[in-house]
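A.B. asks: Mind looking over this structure? Questions follow.
The values are calculated or read from the model by the stated rules, or taken from the named source; none is laboratory data. Worth saying up front: this structure is predicted, and the values here are computed from it rather than measured. For neighbour counting, all protein chains shown are included, and Cβ atoms are generated from backbone atoms with ideal geometry for every residue, glycine included. Remember, those area values only see protein heavy atoms, side chains included, never the ligands or the DNA or RNA. Shrake-Rupley method; radii C 1.70, N 1.55, O 1.52, S 1.80 Å.
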Amino acid sequence: MKKFFMILAGIILFASMNSAGAARTKILFIPHDDRPVSCQQTAEIVKETGANIVMPPIELLGLAGCNEHPDQLWKWFEENAKDARAAVIASDSLLYGGLIPSRKHEFSQEKISAWVENFQKIREQNPEMKLYVFASLMRTPLFGTKGDIEEPEYYAEYGDEIHQYTALLDKQEISKLTNDEKIYLRQLKNSIPQNFLNDWLQRRAKNFSATKKLVDFTSAGVIDYLIIGRDDNAPLCQTHKENRALLNYAKNKNLPKEKFQSLAGIDEFNLLLLTRAINDIRGKVPKINVQFNKGKGGKTVPMFSDEPVATSIEDEIIIAGGQMVKSPNDADFVLLFNTDINGETLGGHNMPPSDKPFVPNLIPTDSTNNFVALVEENLQRGYKVGIADIAYCNGADNALMKILHDKNLLFKLQSYAGWNTATNSSGFALSTGILANYMMPDSKNKLLVRRYLDDWAYQANIRSIIGHELFYMPRGAVAYYQFDGEREYVEQRETELLQDWAEKNLPPYKYLRGLKVSNTWNRMFECHIEFGEDE
């Protein structure tokens with residue numbers, strides 16, 4: 001009984017400290033869009049630490065964006081910044097209406113430049129507020145997809161040529177082209193309609209000019225920390241080319257990594273910067289030990305990235321306000337990377353729907369077994385362990401997750417992430433692992449549940465199962481990327497499958513009763529999972 005009251009007293013003390021802390025830790029958060037994982041789920045994680053996260057109305061963070069949204073967001077930002085300790089801001093939302101609008105907007109250079117100057121105004125009005133900003137260099141996808149809402153319509157037809165064309169321009173700057181490559185470069189330029197190429201390059205030029213101004217503001221102290229993200233890029237492409245120019249520009253400003261970074265990724269920056277804000281407010285510098293699976297390990301250059309994961313995670317640790325240490329004995333948290341032994345990205349879980357039924361790969365390889373042994377070794381030594389599951393893109397490694405489930409290891413972890421790109425997953429696993437130290441165990445487990453539902457159940461399984469079903473419907477595979485009448489059917493099937501999956505694979509938490517799934521962007525790429533009423 002005495003032990004019970006001691007535990008109860010500790011819980012009450014923790015709750016009161018977090019309540020008092022929340023009042024003192026108002027953090028403004030403007031994400032780059034309203035996708036659940038980069039908006040609600042990110043805020044949910046930080047709220048569990050007791051911080052007071054304040055966000056603008058969700059209708060200002062939509063997919064399409066519109067001309068008045070930046071003005072409305074600036075007004076909201078100015079009104080709410082007065083008593084905030086920190087602000088984590090996606091400049092894409094304030095300058096273009098969001099991440100996706102940044103690739104398709106029609107704003108003039110003059111309008112964008114005027115919005116950029118508002119950062120100076122906010123700083124002058126709130127000199128004590130920490131200002132953390134992240135922006136994106138426009139991505140250069142390998143190809144376009146019909147029905148994809150994330151690029152201009154012409155990219156569906158000419159995306160492959162645009163990517164190859166800019167890849168050769170990039171290579172031309174850093175090495176020599178062969179005669180065949182010079183001929184191919186001319187052929188590519190002639191094959192892309194000039195008006196489409198001009199539209200694409202001129203928008204990039206406007207965005208790049210605004211990004212340079214953000215670097216100027218960071219050098220002048222207007223912005224406390226700036227990250228530039230390279231989303232869905234490759235070792236040779238326009239994004240890589242622009243990044244080289246940006247790094248040279250920042251180098252001339254003598255900006256250290258403690259003030260400015262440019263790295264692969266984008267969606268994880270919300271949570272990484274919020275983690276930094278929490279650590280700065282609490283005066284903490286968490287120590288992180290990183291370990292990779294056998295084989296190529298940290299030298300792996302995953303799909304949608306242009307650098308090794310060992311480089312990316314070092315930068316992410318700095319962004320989160322942490323410090324990398326060599327020994328797990330000195331660490332507050334150990335992050336393990338599930339990588340393929342050969343350094344390959346093992347396909348993806350968002351392949352176009354086909355007539356072949358989806359069958360999850362549950363057969364562990366030597367690489368899988370090696371990684372499970374690494375997890376068990378670190379847990380047995382008493383370390384707090386997180387997993388960045390990046391062997392596959394866009395979803396968890398089914399074989400790995402089945403073993404972790406069967407060995408009852410899922411809820412012995414500090415954090416887990418296996419969604420979308422490798423840097424998305426590593427940034428989420430890192431940040432959640434750090435922030436879990438400021439949470440009660442039930443909160444930590446609830447965050448794990450959400451990742452297992454989203455990354456494992458939905459992304460690695462349910463999405464492909466329903467994609468196969470859509471293949472036989474009138475609009476076929478196109479419906480997978482953009483619904484037109486299929487949404488009600490899809491959401492009903494998703495909910496049925498997820499409820500069944502949760503019942504078979506997760507503990508009977510009350511909030512799992514009545515799970516509901518929806519697709520806020522009218523496509524299958526991401527979903528919103530709503531916990532039941534008994535939450």
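A.B. asks: Probe radius 1.4 Å, ligands and nucleic acids left out: which of 407, 206 has the largest accessible area, and how do the rest follow?
C.D. replies: 407, 206
A.B. asks: Rounded to the nearest 10 Å², what accessible area does residue 123 show when all protein chains are kept and the probe is 1.4 Å?
C.D. replies: Counting only protein heavy atoms, residue 123 exposes about 30 Å² to solvent.
A.B. asks: Run through every distinct alpha carbon pair of region 348-483 and return the Kirkwood hydrodynamic radius in angstroms, one decimal place.
C.D. replies: By the Kirkwood definition, the hydrodynamic radius is 15.8 Å.
A.B. asks: With an 8 Å cut-off on Cα pairs and a minimum separation of 6 or more residues, tell me the relative contact order of the chain in percent.
C.D. replies: 11 percent.
A.B. asks: Please list the non-local residues whose amide H lies under 5 Å from the amide H of residue 528, H modeled 1.01 Å from N, same-chain partners needing a gap of 5 or more.
C.D. replies: 518, 519, 520
A.B. asks: Find which of 507, 374, 481 sits farthest along the positive direction of the dipole of the chain, computed with +1 on the beta-carbon of Lys and Arg, -1 on that of Asp and Glu, about the Cα centre.
C.D. replies: Farthest along the dipole direction, towards plus: 374.
A.B. asks: How big is the C-alpha Rg of region 428-535 next to the rule-of-thumb value 2.2 N^0.38 Å, as a ratio?
C.D. replies: Ratio of Rg to 2.2 N^0.38 Å for region 428-535: 1.17.
A.B. asks: What do you reckon, how do 268, 344 stack up by accessible area (1.4 Å probe), largest on top?
C.D. replies: 344, 268
A.B. asks: Here's a follow-up. Antiparallel as a % of all DSSP beta bridges within the chain, to the nearest 5?
C.D. replies: Given both bridge residues lie in the chain, the antiparallel proportion sits at roughly 5 percent.
A.B. asks: Can you put 523, 475 in order of accessible area, largest first, using a 1.4 Å probe?
C.D. replies: 475, 523
A.B. asks: If I model a spin label at residue 366 and residue 190 as a point 7 Å from the Cα along the Cα→Cβ vector, what separation in nanometres do I get?
C.D. replies: Placing both labels 7 Å beyond Cα along the Cβ direction yields 5.1 nm.
A.B. asks: Keeping to pairs on different chains or 8 or more places apart, tell me how many lysine pairs in region 330-451 have Cα atoms under 16 Å apart.
C.D. replies: Step by step, the pairs that qualify in region 330-451 add up to 5.
A.B. asks: Which cross-chain or sequence-distant (5 or more) residues have an amide H under 5 Å from the amide H of residue 292, H modelled 1.01 Å from N in plane?
C.D. replies: Counting only residues 5 or more places away or on other chains, the set is 337.
A.B. asks: Okay, next question. Please compute the alpha carbon radius of gyration of the chain, then divide it by the globular-protein estimate 2.2 N^0.38 Å. Two decimals is fine.
C.D. replies: Cα-based Rg divided by the globular estimate yields 0.96.
A.B. asks: To the nearest 20 debye, what charge dipole does the chain have about its Cα centre, counting +1 at the Cβ of each Lys and Arg and -1 at the Cβ of each Asp and Glu?
C.D. replies: Values: 61 positive and 70 negative charges, 342 e Å.
I would put it at about 1640 debye.
A.B. asks: If you average 1/r over every pair of different alpha-carbon atoms in region 36-190 and take one over that average, what Kirkwood value in Å do you get?
C.D. replies: 18.3 Å
A.B. asks: If you roll a 1.4 Å probe over the heavy atoms of the protein chains, what accessible area per residue do you get for the chain, in Å²?
C.D. replies: Details: 22440 Å² over 535 residues.
I get 42 Å² per residue for this part.
A.B. asks: Let me ask something else. What ranking, highest mean first, results for peptides 410-419, 180-189 when packing means the other Cβ atoms within 10 Å averaged over each residue?
C.D. replies: Top to bottom by mean Cβ count within 10 Å: 410-419, 180-189.
A.B. asks: May I pose another question? If you average the alpha carbon positions of region 190-259 and of region 68-134, how far apart do those two centres end up, in angstrom?
C.D. replies: Here the two parts' Cα centres lie 17 Å apart.
A.B. asks: Relative to the compact globular guide of 2.2 N^0.38 Å, what is the alpha carbon radius of gyration of region 476-520, as a ratio?
C.D. replies: Here the Cα radius of gyration is 1.37 times the empirical estimate.
A.B. asks: Ignoring ligands, DNA and RNA, what percent of the accessible area of the chain is carbon or sulfur (1.4 Å)?
C.D. replies: The C+S portion of the solvent-accessible surface of the chain is 52 percent.
A.B. asks: Moving on. Can you work out the base-10 log of I(q)/I(0) for region 281-332 at q = 0.16, 0.19 1/Å, using the Debye formula on its C-alpha atoms alone?
C.D. replies: Here log10 of I(q) over I(0) equals -0.53, -0.70.
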